[in-house]
Structures are given as structure tokens and as C-alpha cells.
1. Quick one, can you get me the convex hull of the C-alpha atoms of the chain expressed as volume per residue in Å³?
2. How about the stretch 37-98: which GluC sites (Glu not before Pro) there lie in a loop by DSSP and see at most 10 other Cβ atoms within 10 Å?
3. Please sort 195-203, 4-12 by packing, taking for each peptide the average over its residues of neighbouring beta carbons within 10 angstrom, highest first.
4. Arrange the following residues from fewest to most other Cβ atoms within 10 Å of their Cβ: 168, 1.
5. Excluding residues on the same chain fewer than 8 positions from residue 293, give the aspartates and glutamates whose Cα lies under 17 Å from its Cα.
6. For the chain, what is the percent of antiparallel DSSP beta bridges, rounded to the nearest 5?
7. Kindly put 400, 257 in sequence by how many other C-beta atoms sit within 10 Å of each C-beta, fewest to most.
8. How large is log10 of I(q)/I(0) for the stretch 168-252 at q = 0.10, 0.22 Å⁻¹ when the intensity is taken from the Debye formula with one equal scatterer per alpha-carbon?
Amino acid sequence: MIDLVDLSIQYTGRYLFDNVNLKINKGDRISLVGSNGTGKSTLLRLIDGQEAPETGKILIQKGIKVGYLPQEFSNLHGNTLFDEVKNSLTHIINISRREDEINSLLNADLPEDEHLKLVEELGGLNHEKEKVEYYSIDSQIEKVLEGLGFKVNDFTRRTEEFSGGWQMRIELAKILLGNNDIILLDEPTNHLDIDTLQWLIGFLKNYRGSILLVSHDRFFVNAITNKTLEIFNKQLSFYNGNLDAYHKFKEERDIQLEAQFEQQQKKIKETEKFIERFRYKSSKAKQVQSRVKQLEKIDRVELSSSEKEINIRFPDPPRSGAIPIELLKIDKAFGDNIVFKGNNLTIERGEKIAFVGPNGAGKTTLAKIIAGKSNIDAGEVNIGYNTSVSYYAQEVAENLDKELDVLETLDSIGTDHTPGQLRGLLGSFLFSAEDVFKKVKVLSGGEKSRVALAKILLTKANLIVLDEPTNHLDFASKKILQKALVEFKGSLIIVSHDVDFLEPIVHKVIEIRDRKLKVFHGDIEYYLQKINEIGDEKNTVSNQADASLSKKDLKRIEAENRQKKFKATKDIVKKIDEFEAKIEKLEIKKSEIENDLADEKVFSNPELSKQKNSEYEDIKEKLDIVFLEWTELTEQLEEIEKEFE
């Protein structure tokens, strides 16, 4: 489907890829991995055609459509949400446009052969409509947008009203609906909540095209992919299996590489020692030259484990009281949007809690209230004895003093750390040598996030609140931060959708949904298991009620539900049957006219041909109207039936 042939590309004299060859086949679901700076995003841009290789070529099979979701993109504006998505579906627009063109041409006097070709093409377009589910496209758009977390009343909002994270979801919706043969996804989960993440996993599992994705969300990657493509030492290598299988292989390979590296280094040192010892002895000149040539020809072993890691160790915090934070009957609203109403929450010393729930439910707002960064409208926020709070969020990183350099930013906290100690800490956060003197204003988003995390380490807080701390961290960095948080002896609250990151850290999950706080006493895996079992709150209540009923009562209730369902759906089912009968008659009539139009007796007679074309257009228009009404009725039926599930 896609072939990279002898491809090379370099930046500032350093090769990212050197004579790379790669084949992506239909149905491949690939995770693209590699250290920071090895060229993962560059490879996606090359395949999408946004960048050109220095040498080599990229061969894409004719007719293959590629969808690409970058990490960053221009702000959307000028359309409503629904129109922005629908207008991007070129396969739908092209079918509609060509159909209009053909119908216009068929109304004109044309030579017989041209007329017949147009009729045949029209038939082909009808088959294409069925293939892409043309008549249900509005319904498809609605389902995808709702799956990505948008509400129905969002559909008519202007795209410029949405934040960057929600604009990313709009781009993602366009790609998922775009009838692409392969989609390239660069960190698609960064701005998703746990509900949307679960939906996206389900959607991509059923996706018919190929997938090539870059993501640091291990849970997501393992659920979606069956192959791993590694960038290492300027080359690309395929491995069968998901990310966990690749990491197991990588650990074994790294052990072998280290042994080969040590053996090679020993041989190199021995050779260099021989050259140095006998360099000026004429009797050994021939042997010395031979050894020099040997060194030049050695294919040096490179270690994949040479990438830098963030090495974090939280200082032991002062002991807080038994209850660091207590919220009593808190109210919080933004204008007419009520986020919390009379909610209570108690955080106990040493608890490590994940806040989860859909975007907009109030996870970040609750985290800010606890951290003292947001006021409440009513209620009480009681700070426990000796409680000290550190807060990390994306806006904290963005609000760093831009005129300070990295070292000055840490020094401004006013701790008793020496410049040498601060530089050592920054080295753990990937700021080495002269990097510590970079001004904050020239740092990337990820670099600012690391500086903000480093600041938290310097404040000996016993309650740490982290809002999406992993968005700009790679696998290795997340692993180190994860280990530090597991070992942290204070209380911890994390707002995150990163299941793999949360798993070993938290032992309590608080779901925030519909202004309510629901506590799950267990880890994130336990939480996911419970929500999959109960589905939603309505089913939970129903199941609890059923458990206390006798078999006789259950049968009676089931019978009553069947009767209620029948009464609620009988009229709409009858209408659907009537419309299906109409559709069948119209389809038969349409097929008959198409056969007539292909008949020489008809297309050779201009008057008769014109009459048949007019009948054909009339039938097609009626069919479109009836089919649209049938689609709306079936959707209504589905919604009613959901209430009785």
C-alpha cells in the first residue's frame, strides 16, 4: 500500500533516516516508537507529503487516501462544528457534486454513446453511495461527535469557540469519518478524558483501514496495535506484537547489545593500545597500518539505552494531620453552568487518588479548589493541620516567568539549594550543560512542563495535586515519575486519563460526572472493570432492584417492559414498515427505468429518452426523501429501544 524506498532525511547535518526501506500493508496497525528526537513525527509528515526526503522516494498505491492528525494544527474558524466536519468529507461532497453534474448533462441533448456512459456512471455512483453509507452520513457524524465528547447543542457552535483540546477532537472526527485507507495519528490521546479514550479504542478496533500512530499512552497503544515500528540508529525495524511485546524484546536485545558493546570496546582498546605502542617502530609499521584499517572498518555497536531519563526523587514531606483537606457542601458555578452543588469530599492522609470523568465535568475545577487556586461559591474548604499543597497543571507551566532562565526559575523559589544542586536536579529533567541558561520564553511546551514539575520537587509539600502531568513525557520519563509517585509518602491527587501511568500509583478513584462525586475503593483497573460491568447509573439501579426480586416478579416485570416497549414502538415500527415498502417499490421502479435508459429503443429516441430521464429524476428525488425519512424513524426507534435495554 505504501513503500518507502532508500529514504534519507537530515536536519542541520544530522541524519534522522539513512537509506530507510519500509512497506506498510493493508490492515496494518502499527505503533511507531523511538527516543525523543529520532524522527517519529517527521516520518508521519513524510508519509503525508508535508515534507520531502533528501533522497529516496515514497510510493503510495494509486487511490489510497491518507488521513493525518498532527500534534499541533492551525485554529479552526468560520464554520459550525457540524458543518466543519461535514464539509471535510470530500468523498461525500464529490459524489453529490458529480451526481448533480450528470443529472444536468442528462437533461441536455447528447450523442447516444455519451448518454449511455453517463447513465452507467450514475449507476456506479449509486453503488458508491451504498458503499460509503451516503444517506446516513449525518447520523454517522453525530455519533462520532458524541463519542468524542461533544453535546448535541455543541453542533451549531462556531469552531473558534472551542479550546485547543476540543479543536483537536474536531480534527480527529474529520479523520475518523474521512473514508481514509490509512490514518496517521500523532499523540491523539493528549486531550482526551477516560470516557472518550474508551470510546476511541472501541472505534479504532473496528476501523477497516490501516493505522500508524505515535503515542506515549501504553494502555491505548496496546489495545489498538499489533505491530511495532522502531526508529533506532537511523533505521526502521518492524516487530510483530503490541507495545508490551516490543518492550520485552527490547529489554532482551539491550542486554545483548551491552554485552556486544563491552566486547567491542575491549577489542578497540586493545587495538588502540597496540597502535600507540608500536606507532614509531618501522619494523611494526605494516602491522600498525593493518590495525588502523581494522578500526576504521569496525561497525560500531550503539546502545539504545543511552537515551536520557528523568530521575526524580521526592523529598520526605512533613507529616500532615489525619485529614489534609475536607470539602463540605461546596457549590461552584461558572455563570449558568453549575459544576458542583452541595458536594462533600474528605481526603485522608497518605491517600493516592485519581480524578476521572468526562471533560467539562469538573475534574480540573475540583483539583484547583483543593489546591487553593479556585474559590467556591458556597460551602467550606477546611485545610487540615500542617497541610502544605503543591499544584501542577498546564497553565502553571505556561505562566512561568518568561524572562527568567531555567536555573533562575528554580532559584527564585528561595530554597536552600546550591546552584550545583539545582543544576543536578535540572539534569534529571533533561536540562544539561548550557540548557539551564535558556530563557523560559524560548522553551517548548514539554520543556516548560518539566521546569514546572522540577519546581514542585523543591517545595516540601505533603499534598501534591497534578493535573495531566504526563502529556509531555515520553515512556522513559513517565516510568521514572511514576516510580517517584509510588514512593511518595504524602497525599496525592492526579487528574489523568493515562491508565497505564495511574495503575501502580492510585488506590482510590473518584469519578466526577453530572455534578456528583462517586468513590471507587480500588485502583484504576478496578474502576474500569466496574464501569464496564454496570454500563451506566441507570443499569446499576436496575440491577440492584432485580437482585432483590423473585423469579416470578422478574418475569412479571419483563412482561410489563415488553408490553411498554411494544406500545412505545408500535406506531413507529408500522411507519418504518410502510417506508420500507415504499423504498422497495421505488427501487424496483428506478431499476426498471435504468434498464430502459440503457435500451437502444429508448436512448435512440430523443423524446422518449428525455421522458425517461425526467421519470428517473423524479423517482430518485422521491427515493432520497423517503430514505431520509426512513433513516430518521429508525434512529428514533433506536433511541426508544435504548430506554428499555
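Quick note: the coordinates plus some simple rules give every number you see, no bench work behind them. All values reported here derive from a predicted model rather than from experimental measurement. Cβ atoms come from the backbone with ideal geometry, glycine included; neighbour counts cover every protein chain shown.
1. Given the Cα convex hull of the chain, per-residue volume reads 235 Å³.
2. 72
3. Descending mean neighbour count gives 195-203, 4-12.
4. Ordered from fewest to most neighbouring Cβ atoms within 10 Å, 168, 1 come out as 1, 168.
5. Straight-line reach from residue 293, under 17 Å: 270, 272, 276.
6. Percent antiparallel among DSSP bridges in the chain is about 55.
7. By the 10 Å Cβ count, ascending: 257, 400.
8. Treating every Cα as an identical point scatterer, log10 I(q)/I(0) equals -0.27, -1.15.
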